[in-house]
1. Within segment 176-208, restricting attention to residues that are of a type in the set (S, T, N, Q) and not in a loop (DSSP other than H, G, I, E, B), which residue is farthest from Ala43 (Cα to Cα)?
2. Only one of Tyr159, Tyr134, Tyr173 is of a type in the set (Ser, Thr, Tyr) and either part of a helix (DSSP H, G or I) or touching a Ser or Thr at 6+ places or on another chain (Cβ under 9 Å) (or both); which?
3. Identify the single condition in (1) out of contact with any Gly (no Cβ under 7 Å at 6 or more places or on another chain); (2) among the aromatic types (Phe, Trp, Tyr); (3) at pLDDT below 60 that Phe62 does not satisfy, given that it satisfies every other one.
4. Pairs, please: C-beta under 7 Å, at least 6 apart or cross-chain, first residue modelled with pLDDT of 90 or more and in segment 96-111, second in a helix (DSSP H, G or I) and of a type in the set (Lys, Arg)?
5. Pull up segment 117-133, narrow it to residues that are among the polar types (S, T, N, Q) and buried (at least 16 other Cβ atoms within 10 Å of the Cβ), then point me to the one that is nearest to Val163 (Cα to Cα).
6. Which pairs have Cβ atoms under 8 Å, sit 6 or more apart or on different chains, and link a residue in segment 30-50 that is within 16 Å of Met112 (Cβ to Cβ) and at pLDDT 90 or above to one that is open to solvent by less than 50 Å² (accessible area, probe 1.4 Å) and part of a loop (DSSP other than H, G, I, E, B)?
7. What are the residues in segment 81-116 that are farther than 11 Å from Ala61 by Cα, small (Gly, Ala, Ser) and not in a loop (DSSP other than H, G, I, E, B), if any?
Amino acid sequence: MNKSIKHIGLTALSSLFLLTGCYDMDQYPADKVSSGSFWKDEANAKEGMMGIYNSMKKDDAFGIYYTRDCLTDIGIGLNWGVYGFIEVAQGQSNSTTGLFKDIWKRMYDGIMRSNTLIVNVKHVDMDESLINQYIAEARFMRAFFYNELLNLYGGVPIYDETVEVDKEYDNMYKTRNTEEEVRNFILADLEYACSNLPKTWDDANKGRVTSGTAYA
């Protein structure tokens with residue numbers, strides 16, 4: 001009986017080694033998109049770019065941007081407290097609550113999406129000039145998000161495309177850069193955008209940023 005159990009155990013162990021040897025344990029996840037499997041062609045690059053634009057539509061980004069006039073003498077309306085306007089009006093809001101925290105998070109979401117494209121589009125199978133154009137478009141958007149942060153918060157931490165969020169997320173506690181450093185970072189992105197973005201887009205792509213947008 002003991003010999004039979006020992007034989008079964010050895011057989012099972014051998015089978016386990018055979019099975020694991022047949023598969024690449026470093027395969028990309030099959031249930032979600034990964035950087036290693038997504039960035040293949042221009043269609044993927046455009047999808048990534050549209051993801052950056054899409055982040056602007058969120059209410060706490062630019063989706064209801066002009067309702068912030070209600071925090072001043074220009075407008076009336078507090079959105080029933082959904083976006084933290086009432087807390088601001090009552091003097092109960094601070095940098096870690098409601099409106100201010102949510103805008104901060106949303107701008108950095110757009111920045112990280114931009115950084116992701118800048119890093120990965122270089123490996124996409126398309127002409128180098130087109131790669132540079134996509135990088136320029138993403139750098140313009142990154143400058144756009146940082147400009148909003150600069151206007152609202154002054155100096156903020158700068159995270160560029162060298163940051164690997166999946167590896168560094170738990171330790172992303174950089175101190176604030178100065179306003180001048182943030183402004184210079186923005187201007188460098190815009191300068192690259194001016195040199196590499198097209199002057200116009202065809203009808204199918206109208207609304208995307210142009211070199212004229214970057215100059216403005």
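1. Asn184
2. Testing whether each residue is of a type in the set (Ser, Thr, Tyr) and either part of a helix (DSSP H, G or I) or touching a Ser or Thr at 6+ places or on another chain (Cβ under 9 Å) (or both) leaves just Tyr134.
3. (3)
4. Taking only residues 6 or more apart or on different chains, the pairs are Ile111/Arg142.
5. It comes out as Asn120.
6. Trp39/Val124; Gly48/Trp39; Met49/Arg208
7. Residues satisfying the conditions are Gly81, Ala89, Gly98, Ser114.
Residues are listed down the side, and each one gets a yes or a no for (1) buried (at least 19 other Cβ atoms within 10 Å of the Cβ); (2) over 23 Å from Asn184 (Cβ atoms); (3) within 12 Å of the chain's Cα centre (by Cα); (4) free of Cβ contacts under 8 Å to residues at least 12 places away in the same chain:
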{"site": "Asn115", "(1), (2), (3), (4)": "yes, no, yes, no"}
{"site": "Ile135", "(1), (2), (3), (4)": "yes, no, no, no"}
{"site": "Arg142", "(1), (2), (3), (4)": "yes, no, yes, no"}
{"site": "Val156", "(1), (2), (3), (4)": "yes, no, no, no"}
{"site": "Thr162", "(1), (2), (3), (4)": "no, no, no, yes"}
{"site": "Asp170", "(1), (2), (3), (4)": "no, yes, no, yes"}
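The values are calculated or read from the model by the stated rules, or taken from the named source; none is laboratory data. Since the model is a prediction, treat every value here as computed from it, not as a measurement. Glycine gets a Cβ as well: all are built from the backbone with ideal geometry, and neighbour counts include every protein chain shown. Note: accessible area is taken over every heavy atom of the protein model, side chains too, but ligands, DNA and RNA are not part of it. Shrake-Rupley method; radii C 1.70, N 1.55, O 1.52, S 1.80 Å.
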